[in-house]
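Read-outs: derived from the displayed coordinates by stated rules, not from any lab. The shown structure was predicted, so the numbers you read here are calculated from the model rather than taken from an experiment. We place every Cβ from the backbone using ideal geometry, glycine too, and count neighbours over all the protein chains shown.
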Amino acid sequence: MKVTETKLNGCFIIEPRIFNDKRGYFFESYNQSEFNKTLGLNIQFIQDNESYSTKGVLRGLHYQKGEFAQAKLVRVVKGSILDVAVDIRKESPTFGKHFSLELTEENKKQIFIPKGFAHGFIVLSDIAILSYKCDNVYNKESEGGIIYNDPSLNIDWHMPHDKLIISKKDLKLATFKKQFL
């Protein structure tokens, strides 16, 4: 696998080796030993999640606080998304910065998002199936989020605002500055 660190400290793009032939393709989507060795980490993913969404659905920006903070390994099984990570670690040199990457069923890229990040995505294709691993369980009392259109983050979601489909809960999220500054 090819690993590239993003502009955010500790956040990596992972590109698996894909073997194509006339029958289709094969790739190893995750190998714990190789993952930890290559990234220099000791991550133990304990849960796999999958979501199905339609074009324009924007989920996020979500995070888990304290002892329930989560590292994630995100990939797209079907369709395409714009995946966004925001560094919310106050001690980090990239605090308050974000990174986005298009993840598609064709490019098979994955993004590793360490603990201390907010995460969100928007579906760019007609449908998308997203699969992600977490190294900690979800805890409702530890959840947090940042409003998708936060002016200080200025995230380009690659879609007009009138085409976005956002949950009522996500529309009520606070700004980055209100929570972290």
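General remarks:
- In the range 64-119, GluC sites (Glu not before Pro) in a DSSP loop with at most 12 other beta-carbon atoms within 10 Å: Glu91, Glu106
- A helix-only calculation puts the chain at -2000 deg cm²/dmol for mean residue ellipticity at 222 nm, using -39500 (n - 2.57) for each DSSP H run of at least four residues, averaged over all residues.
- Extended-chain gain in nm, criterion 0.36 nm per residue less alpha-carbon gap, Lys65 and Ser29: 10.2 nm
- Charging the Cβ of each Asp and Glu at -1 and of each Lys and Arg at +1, and nothing else, the dipole of the chain about its Cα centre rounds to 200 debye.
- Theoretical gain in end-to-end length, His161 to Lys140 [0.36 nm per residue, Cα-Cα removed]: 4.8 nm
- In order along the range 8-14, the Karplus-derived 3J(HN,Hα) couplings, from 6.51 cos²θ - 1.76 cosθ + 1.60 at θ = phi - 60°, round to 9, 4, x, 9, 10, 9, 10 Hz, and Gly and Pro are given as x.
- Principal semi-axes in Å for the chain [√(5λ), Cα gyration tensor, largest first]: 26, 21, 14
- Taking the average, over residues, of other Cβ atoms within 10 Å as the packing measure, peptides 50-58, 28-36, 109-117 rank 109-117, 50-58, 28-36 from highest down.
- HN-Hα J in Hz across the range 31-45 - Karplus 6.51, -1.76, 1.60, θ = phi - 60°, x for Gly and Pro: 9, 4, 4, 5, 4, 5, 5, 5, 8, x, 10, 9, 8, 10, 5
- Equivalent-ellipsoid semi-axes of the range 69-125, from the Cα gyration tensor, Å, largest first: 23, 11, 8
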